[in-house]
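Asker: Structure provided below as C-alpha cells; questions to follow.
The values are calculated or read from the model by the stated rules, or taken from the named source; none is laboratory data. From a predicted model like this one, the values you see are computed outputs, not experimental measurements. Here the Cβ positions follow ideal geometry from the backbone for every residue, glycine too, while neighbour counts run over all protein chains shown.
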Amino acid sequence: MSWTHRSGRLVVALLAAALLAGFGQTTPSSASQPGTSQAHSNPAAGVCAVPTPAPIHVRDFTDHGGFNFAVFRPSNGTWYINGLGVFQFGAFGDIPVPADYNSDGHLDLAVFRPSTGIWFLRNIGSFQYGQAGDVPMPGDYTGAGRPQLAVFRPSTGNWYIRGVGVIRWGQCGDIPIEFNVPGTSRVTPSVFRPATGVWYIKGVETVQYGKNGDIPLPHRYLASGEQLAVFRPSTSSWYVLGVGESTFGGPGAVPIPGDYGRGRHVAVYLPSSGTWSIQFGATQVYGTRDDIPV
C-alpha cells in the first residue's frame with residue numbers, strides 16, 4: 001500500500017459515482033505520464049442517451065478543516081452526518097449537491113432532482129435550473145467566492161452556468177469534473193474522457209493521464225496544490241500525477257479522496273456494507289447498502 005514514485009509533472013486540478021468498465025490499449029505505465037498538452041482544445045459534442053454520473057467529493061460539514069463520515073440515502077432523501085445528526089431533506093432519486101450557496105462559511109444541504117431539473121437548497125429555496133438527464137456541477141465559475149448553480153448536459157456537451165451562460169465543452173460519455181484554475185478560486189468547465197484517458201480543461205490544457213475504465217480523482221493530495229489522479233477499479237490502483245502509484249481498495253469499492261487528517265487522503269467506500277476504509281487510518285461502518293458518501 002506504499003507509494004511507488006513515478007515521473008510526471010504537477011497539474012493543479014480538483015470521484016466518480018460509477019465504476020467504469022473496459023480497458024483500452026494504453027499500457028499501465030502511461031497512466032503516470034502525461035500526453036501532449038494543448039491549451040483551449042475543445043472536445044467535440046455528440047449524442048448521449050445515458051448521462052454519466054458526476055464525481056463525488058467528501059465534504060467538511062463541521063468547518064473544522066477535515067471531514068465527517070456522512071452519507072445521503074437516496075431511497076428516502078435522508079442525510080446522516082456523524083457528529084451533527086440526521087436530516088430529512090430530499091426525495092427518492094435526488095442527487096446530493098452540498099455547498100456553501102449563501103457564502104456564510106457553512107455547507108448547505110442541497111439536492112438536485114434529475115427528473116425535473118430543480119435544485120432544493122435547505123433554508124434558501126428551490127430553483128429550476130436544468131432538465132431531465134442533466135448532471136449537476138455547482139461551483140464558483142466566476143471567482144466571486146460563491147458557487148453558481150450549473151449543469152452538464154451529456155446529450156449536447158453543453159454546460160449551463162446560472163448567471164454566466166452556456167458553454168459547449170464535452171461529449172457523450174465524458175465525466176464532468178471540477179477544475180480549479182491555477183492561482184485562482186475559480187473553477188472552469190472540464191471533462192475526463194474514459195475511452196481515451198484524456199482530461200479536457202477549458203482555457204488551461206489537454207492532458208492524457210489514465211486509460212479506458214479509469215475513474216478521475218482530482219484532489220489536493222499534497223500541500224503544494226491539487227493533482228490530477230485516477231483510480232483503476234480492476235487493480236484498485238491509484239495514480240496521482242507527480243506523486244506516484246498506490247494500491248488500495250477492493251471489489252466494488254468507490255474511491256473517495258478527502259482530507260482525513262495526518263496527511264491521509266486515500267480512502268474507499270463499500271456501498272454493499274456502508275464501510276469507510278482510510279489508507280493508513282481507520283475503518284468504520286457508517287451507512288447502509290447503496291448510501292452515497294458525501
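Asker: When you go through Gly249, Gly213 one by one, which is the residue that is crowded, with 23+ Cβ neighbours inside 10 Å and part of a loop (DSSP other than H, G, I, E, B)? Break it down stepwise before answering.
Answerer: Working: Gly213 fails: crowded, with 23+ Cβ neighbours inside 10 Å.
Just one listed residue meets the conditions, Gly249.
Asker: Being in contact with a Phe, Trp or Tyr (Cβ under 6 Å, 6 or more places away or on another chain) and either of a type in the set (Gly, Ala, Ser) or under 20 Å from Val230 (Cβ atoms) (or both): is that true of Ile167 here? Explain how you work it out, then say what you get.
Answerer: Details: in contact with a Phe, Trp or Tyr (Cβ under 6 Å, 6 or more places away or on another chain): yes; either of a type in the set (Gly, Ala, Ser) or under 20 Å from Val230 (Cβ atoms) (or both): no.
It is false that Ile167 is in contact with a Phe, Trp or Tyr (Cβ under 6 Å, 6 or more places away or on another chain) and either of a type in the set (Gly, Ala, Ser) or under 20 Å from Val230 (Cβ atoms) (or both).
Asker: Give the residues of the range 273-292 that are over 13 Å from Ala70 (Cα atoms), in contact with a Lys or Arg (Cβ under 6 Å, 6 or more places away or on another chain) and not in a strand (DSSP E or B), sorted by residue number.
Answerer: The answer is Phe280, Gly281.
Asker: Condition test on Pro257, is it assigned to a loop (DSSP other than H, G, I, E, B), buried (at least 22 other Cβ atoms within 10 Å of the Cβ) and of a type outside the set (Val, Ile, Thr)? Don't jump to the end; show me each part of the working.
Answerer: Values: assigned to a loop (DSSP other than H, G, I, E, B): yes; buried (at least 22 other Cβ atoms within 10 Å of the Cβ): yes; of a type outside the set (Val, Ile, Thr): yes.
The answer is yes for Pro257.
Asker: Criterion first (on the phi < 0 side of the Ramachandran plot and surrounded by 24 or more Cβ atoms within 10 Å (Cβ to Cβ)) does Leu270 satisfy it?
Answerer: Values: on the phi < 0 side of the Ramachandran plot: yes; surrounded by 24 or more Cβ atoms within 10 Å (Cβ to Cβ): no.
Against the criterion (on the phi < 0 side of the Ramachandran plot and surrounded by 24 or more Cβ atoms within 10 Å (Cβ to Cβ)), Leu270 does not qualify.
Asker: Restricting attention to the range 147-155, does a residue exist that is at pLDDT below 95, crowded, with 20+ Cβ neighbours inside 10 Å and at positive phi?
Answerer: no
Asker: When you check Tyr221 against the structure, is it part of a strand (DSSP E or B), more than 30 Å from Val166 (Cβ to Cβ) and of a type in the set (Phe, Trp, Tyr), yes or no?
Answerer: Numbers: part of a strand (DSSP E or B): yes; more than 30 Å from Val166 (Cβ to Cβ): yes; of a type in the set (Phe, Trp, Tyr): yes.
Against the criterion (part of a strand (DSSP E or B), more than 30 Å from Val166 (Cβ to Cβ) and of a type in the set (Phe, Trp, Tyr)), Tyr221 qualifies.
Asker: Among the residues of the range 36-45, is any modelled with pLDDT of 60 or more, more than 22 Å from Leu217 (Cα to Cα) and surrounded by fewer than 20 Cβ atoms within 10 Å (Cβ to Cβ)? First the steps, then the outcome.
Answerer: At the first step, the residues of the range 36-45 found to be modelled with pLDDT of 60 or more are none.
For the range 36-45, residues modelled with pLDDT of 60 or more, more than 22 Å from Leu217 (Cα to Cα) and surrounded by fewer than 20 Cβ atoms within 10 Å (Cβ to Cβ): absent.
Asker: Among the residues of the range 68-94, what is the count of those that are crowded, with 16+ Cβ neighbours inside 10 Å and farther than 27 Å from Thr283 by Cβ?
Answerer: 4
Asker: Something else: Tell me yes or no: at least one residue of the range 214-224 is touching a Gly at 6+ places or on another chain (Cβ under 9 Å), at pLDDT 90 or above and closer than 19 Å to Phe280 by Cα.
Answerer: Looking through the range 214-224, none of the residues is touching a Gly at 6+ places or on another chain (Cβ under 9 Å), at pLDDT 90 or above and closer than 19 Å to Phe280 by Cα.
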